[in-house]
Amino acid sequence: MSRVIRGLAAFFGAPLRAARFMIRGERQLVDLRELARAAQTATTDLAADVRRTEERLEGHGERLAAVEQQLEALRLDVSERLTQANLQLGALMRLLQRPPRSTDGHRDDNAAERRLSGRSIPLSVDSAEPQWAPVIGGDVHPDPKGDEWLVLDVCPFCGHAERSVVVEWNKLIMLAKAPDQQSDRYNYSLCHSCGVVYAARRPAGRRFQFLLEHFGEVTGKAAADGIIPNPLLNPYPLSDADKDRLRRMAAHGVWVSEHSGLKSTEYVEGALKDRFENSVHVDLLGNLVHPANARVLEIRPRAGTIAESLRRLYHADVSVMPMWESQSFLLKELYGFEARGLIDYDHFHIPFEGRFDLIVCNHILVHSVRPADFLREVHAHLNPGGYVYLYNEPEDRQFLEETKSIIAHLNPLHMQTFDRSAMVRALATCGLEVTFIKTRNSNFMVLARAVEGQAAWTRISPANLARRKEAYRLARDRAILKLPADMRERLGTEWTSAIEHTLAAGAAEFDDRGRLRFSVE
Ligand SMILES: [Zn+2]
């Protein structure tokens, strides 16, 4: 029996198992489909969730950025206010520490009358490395590697080594264009012995020549197109057309009357102006040098007033050495002078034989690359007891005590600056003994006599040295704070210390609304 049943079971069992298996498989398939559907739904839902979350996050991000911005603004505001509070506190402390008012009430009598500048000074500025556009014409700079810098280890006049850097930059730091990206650093230094302030790093050779050739642009004096409107100051070589034009203008002579009907562009207007402005030097020389029949050399004459007057009034034998070709041409056309040589500020050389009784120099010591060599060359061409007369040498008071910016003053052709004592000492070191010095229109007129060896001089006293150093440092800091708004970033890292020092010196103060302003004396 059991064999039958087992046989039947075996006979029917396999299809039954198969059928059961198939039924289970179909169910599983259905389950799988449902699972897949559910998974798809879940995925879709999840994607939607992600999208929604992303959108929400985006919204949060925007809000977060806005909050961050507000925080940064707040931080700057707080920092600005803290700086302001700090500076004000410092100013107050200094005020408290000042000695009490004397019984005559002299100290602060002017405080109530003290005026403040119209423009206020920002308490902080950003900082950025300066970048200069090339000078007009985009001329390739002749010294790209910077080989033609002259670095002075000692004072170019007295040879003393101790000095203090008082201003690091020349005027290029506030101009848009420069010869190259390394032309702005001169490290003007105060000599601890003679008191001259000199560029310890100065351009020589072709580097200096390039500056001279682009005189108008590097001093910020040219019009936007680089043209110098005054023909007497034109530094560029003359074309034939230029010469024809100047010849026609000069043919009208010096004394052109205003009722002649000529337009100012039709004659050399500067020639008569030069007579009126420079006849003062003729008067001085006539009285102090007595140049009758003297042999005279005029270096860098302006429009020939001094040379012509000494020749006419004192029968002096006059030679002239102009600066530009345009000047040389006009001196010949206006007065018949045969000029010789053009001035070389680097290797200065007098191209005339023999010695002179008087050498007149206009605005040259300030630009001289090797000033002691220049003065020695002048000395070597003077008769014993002969005179050198220097005029238009800027007195540094114009940017130390007056409001002019020292950085704007020190254009890249300015190699040294003087006060009266420094000028006297500097000349003495080169054998020139000052016999007369007078300041006029912020410039020196100096007459000095050639002596053997050095003329007697004594070094600056420690007290005067300290005063001079402080005056220069204050002028520097004031000039930084006076930079045009679009140039401030170049000296942004100097800004805070410049404010602190200017406040400490009483050259700036806060107004009643907490804005910083310059004190106007
Ligand atoms: Zn010196």
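Points to keep in mind about this one:
- Label-reachable residues, the range 418-447, where backbone N falls under 19 Å from a point 7 Å from Asn287's Cα toward its Cβ: 434-447
- For the peptides 164-171, 203-210, 144-151, 254-261, residues were scored by their other Cβ atoms within 10 Å and the scores averaged per peptide; the highest-first order is 164-171, 203-210, 144-151, 254-261.
- Two-site FRET efficiency, Leu262 against Lys221, from Cβ-Cβ distance with R₀ of 25 Å, rounded to 0.05: 0.40
- Taking 4.7 Å between beta carbons as the limit, the unpaired Cys residues of the chain are Cys361, Cys430.
- Principal axis dimensions, largest first and in whole angstrom, of the range 255-336 by Cα: 40, 27, 17
- Between Glu34 and Asp49, the simple spin-label model (points 7 angstrom out along Cα→Cβ) gives 2.2 nm.
- Sorting Arg311, Arg478 by the number of Cβ atoms found within 10 Å of their own Cβ, with the fewest placed first, yields Arg311, Arg478.
- Global form of the range 299-384, assessed from the alpha-carbon gyration tensor, a/c cut-off 1.5: oblate
- When peptides 74-80, 329-335 are ranked by their average number of other Cβ atoms within 10 Å per residue, the highest-first order is 329-335, 74-80.
- Summing Cβ point charges (Lys, Arg +1; Asp, Glu -1) relative to the Cα centre of the range 109-194 gives a dipole of roughly 380 debye.
- Across the range 305-382, Cα pairs under 8 Å and at least six residues apart give a relative contact order of 23 percent.
- Sequence-separation-based contact order of the chain, relative, with Cα cut under 8 Å and 6+ spacing, percent: 17 percent
- Burial ranking of peptide ranges 50-57, 174-181, 464-471 (average Cβ count within 10 Å, highest at the top): 174-181, 464-471, 50-57
- For the range 339-431, GluC sites (Glu not before Pro) are listed when DSSP marks them as loop and at most 15 other Cβ atoms sit within 10 Å of their Cβ; the list is Glu353, Glu401, Glu402.
- Taking 0.36 nm per residue of sequence separation and removing the Cα-Cα distance, the His60/Arg75 pair yields an extension gain of 3.2 nm.
- Whichever aspartates and glutamates have a C-alpha closer than 17 Å to that of Lys243, once near sequence neighbours (fewer than 8 apart) are set aside: Glu266, Glu269, Glu325, Glu333, Glu338
- Tensor-based shape of the range 336-389 (alpha-carbon gyration tensor, a/c under 1.5 rounded, otherwise prolate or oblate): oblate
- The chain: antiparallel DSSP beta bridges as a percent of all, rounded to 5: 65 percent
Each value in this text was obtained by applying a stated rule to the coordinates, not by laboratory testing. None of these values were measured; they are calculated from a predicted model. Glycine gets a Cβ as well: all are built from the backbone with ideal geometry, and neighbour counts include every protein chain shown.
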